1. Fewest Cβ neighbours within 10 Å first, please rank His244, His273, His101 accordingly.
2. Which value results when the Cα radius of gyration for the range 124-281 is divided by 2.2 N^0.38 Å?
3. Please state the charge dipole magnitude for the range 199-277, taken about the Cα centre, from unit charges on C-beta atoms (+1 on K and R, -1 on D and E), reported in debye and rounded to the nearest 20.
4. So in the chain, what percent of DSSP beta bridges are antiparallel if you round to the nearest 5?
5. What are the trypsin sites (Lys or Arg not before Pro) within the range 1-105 that DSSP puts in a loop, where the Cβ has at most 13 other Cβ atoms within 10 Å?
6. Which of Lys203, Lys230, Lys177 moves the most in a Gaussian network model of the chain with Cα springs under 10 Å?
7. P(r) for the range 199-277: what percent of alpha-carbon pairs falls in each 10 Å bin, starting at zero?
8. Name the residue, out of Glu84, Glu19, Glu60, whose mean-square fluctuation peaks in a Gaussian network model built on the chain with Cα pairs under 10 Å.
Amino acid sequence: MSKNTETLHVIFSNSSAPELREALRSVGRTDRIVGFREFLQCGPIDPPAPADRLRWLVDELGFARSDWDWLPGDVDRFWRLASESGPRRVVWTSSRSACEHSAFLSWVERMGDRPYDVIDLANIDVTWRGNDGRTQRGLALSLGMLDSDVIAGEALWDHARSLTSEERQTHVGTWRKLRAENAPLRIIGPDGLRSAPITYFDKSLLSQASHDWQRVVRVIGLALVEGDGKYFQQPDWVLAARLHALIAAGELECRLPPEGPAYFYGLTPLRHHAEVRLPKI
């Protein structure tokens with residue numbers, strides 16, 4: 001890829017924008033980056049209306065509307081910038097991330113036949129450097145996991161390629177099926193995305209609890225890392241919302257120790273230092 005090519009990088013892991021920007025600058029590139037900050041792995045997607053999804057996030061997961069009123073406008077801005085004609089578009093995604101792959105399928109449907117290239121980091125090997133200075137090869141998995149020196153050192157932008165017409169049709173078909181199901185959650189695995197009920201992670205959360213008091217951070221963390229660790233499902237605040245629902249339903253007991261940080265876990269009414277346990281029989 002020429003350094004002089006005007007390129008717009010489209011990312012679905014917005015927190016990774018600084019690392020990608022630094023990687024590009026380190027090789028003398030001034031490409032633009034636009035990030036998608038909506039959460040299409042959860043909530044209603046048919047119709048794909050940000051205002052409807054915001055209502056769901058408030059009602060179902062306990063979001064504070066005043067903190068998230070920016071979301072519909074931000075989504076509209078993304079589609080306006082990402083769809084503009086002129087620059088070459090390079091889309092970064094991961095078919096191991098429910099969040100990124102959901103947004104990517106939405107992108108494919110919306111963009112139709114317009115040209116763009118894709119980098120799927122799910123199965124690309126990179127060289128990692130550990131805290132002890134040793135290096136090893138391993139899967140990149142997601143842009144959000146990579147430092148700028150890895151992105152630049154591996155020249156990951158060279159993996160960009162165009163989708164075939166068959167791939168586009170498959171992606172569009174998958175997304176339209178998911179939209180028709182319009183489930184509360186979408187989870188990902190070797191066979192791609194599939195719909196799931198809002199209670200999908202409840203069993204896992206309950207299995208991590210015991211009859212002894214445990215911090216909610218521990219219970220949620222253990223539920224998040226179940227499996228082989230190579231697929232990224234829902235963010236911790238979705239599981240925190242479900243944990244709060246299980247407490248409200250009497251499936252778990254909760255207490256608030258007298259000392260601890262005075263802030264909530266994620267976007268829920270659940271205090272960060274709260275503790276839970278299974279009810280005593």
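Every number here is computed from the coordinates shown, using simple stated rules; none is lab data. What you see is a predicted model, and the numbers here were worked out from it, not measured in a lab. Heads up, the Cβs are rebuilt from the backbone with ideal geometry, glycines too, and the neighbour counts pull from every protein chain shown.
1. His273, His244, His101
2. My calculation over the Cα atoms of the range 124-281 gives 1.33.
3. Approximately 80 debye in magnitude.
4. Numbers: 18 of 32 bridges.
Counting DSSP beta bridges with both partners in the chain, the antiparallel share is about 55 percent.
5. Lys3
6. Lys203
7. The distribution over the range 199-277 is 19, 57, 22, 2, given as percents.
8. The residue with the greatest mean-square fluctuation here is Glu84.
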